[in-house]
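No lab work stands behind these numbers, since they all come straight from the coordinates. Just so it is clear, the model here is predicted, and its values are computed rather than measured. Methodologically, a virtual Cβ is constructed for each residue, glycine included, from the backbone with ideal geometry; neighbour enumeration extends over all protein chains shown.
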Amino acid sequence: MHTKIINGKDIALRIRQGLKEEINKLKVKPILAVILIGHDGPSEIYVRNKQRAAQEVGIESKLYTFDEDVTQQEVENLITSLNQDSSVNGILLQLPVPAKLNAQVLLEKIDSKKDVDGFHPLNIGYLQNGDKKAVIAATPKGVLRLLKETGVALKGLNALVIGRSIIVGKPMAMLLLNEDCTVTIAHSATKNLQNLSKNADIIVSACGCAKMIKKEWLKDGAIIIDVGICRDESGKLCGDVDFEDVLGTASHVTPVPNGVGPMTIAMLLENTLEAYLKQRS
């Protein structure tokens, strides 16, 4: 079997170009507020990448930084101020935050209409109900777009989601259910994971286990979306899937890097534009 590589980088570039063209037509540009707390290296890199991508498509990005000694109340006060600022269309709290802060309370403080990450309980509830008002978390939204790019009809397929986080696993399962897939969620306590995977037409893996998924785990023709970010034994960036090993068994697979990662940023930008348009209407 010839395995098709799903190039998330190219698809994301196409999406971003479309967003740029749409934003260029607007008299007032969307504004995304990003809150960064502390000096976590990866978080600082992620924020720079998000800001650069926003600027490229015409979204104004405002960065608000705090040192690690900031209080819960100070961050909540900023979020309240941003909620009340009609010029701000999207608010993003970069995770993780320092352990002394209650991240869930901060996320719930963000106006659900400005919650471009899709983590507010109201947006999670809308998603569960299949309501179009839902702001969908960027990574699972990007994964669904990649699945649709394959051209394979999703209705009725067996889907296995490995991981149960609120960032990927749970919203991913809801999205696939809304596409009429039959969904199984696996996690760290799941038994016989390999046997489950052999019955899956679609596997979305977000467990952070380097090269765990081999060809013997797969049903012939399975579609594999690899959300994992890992390092192999030589320190090279890889995903949950043993990419080279599954070629010839999977019908489609995403690489790491240049698979899901670029789509996450593209969907964040799309969420910001959609929030802007809803607020303006």
Note on the range 177-215: residues touching a strand residue (DSSP E or B) at 6+ places or on another chain (Cβ under 8 Å) and acidic (Asp, Glu) are 201
Reported set for the range 142-166 where residues are within 19 Å of the chain's Cα centre (by Cα) and touching a residue at least 60 places away in the same chain (Cβ under 8 Å) is 142, 143, 145, 146, 147, 149, 150, 162, 163
Screening 6, 59, 91, 31 for residues that are surrounded by 15 or more Cβ atoms within 10 Å (Cβ to Cβ), under 30 Å from residue 215 (Cβ atoms), in contact with a strand residue (DSSP E or B) (Cβ under 9 Å, 6 or more places away or on another chain) and in contact (Cβ under 8 Å) with a residue 12 or more places away in the chain leaves only 6
With the first residue restricted to the range 114-134 and required to be among the small types (Gly, Ala, Ser), and the second required to be loosely packed, with under 13 Cβ neighbours inside 10 Å, Cβ contacts under 9 Å at 6 or more apart or on different chains are 125/131
A careful count of residues in the range 228-276 that are more than 22 Å from residue 137 (Cβ to Cβ), among the charged types (D, E, K, R) and in contact (Cβ under 8 Å) with a residue 24 or more places away in the chain gives 2
Expected output for the range 204-221 (first residue of a type in the set (Phe, Trp, Tyr), partner surrounded by fewer than 23 Cβ atoms within 10 Å (Cβ to Cβ), Cβ below 7 Å, 6+ apart or cross-chain) is 217/194; 217/198
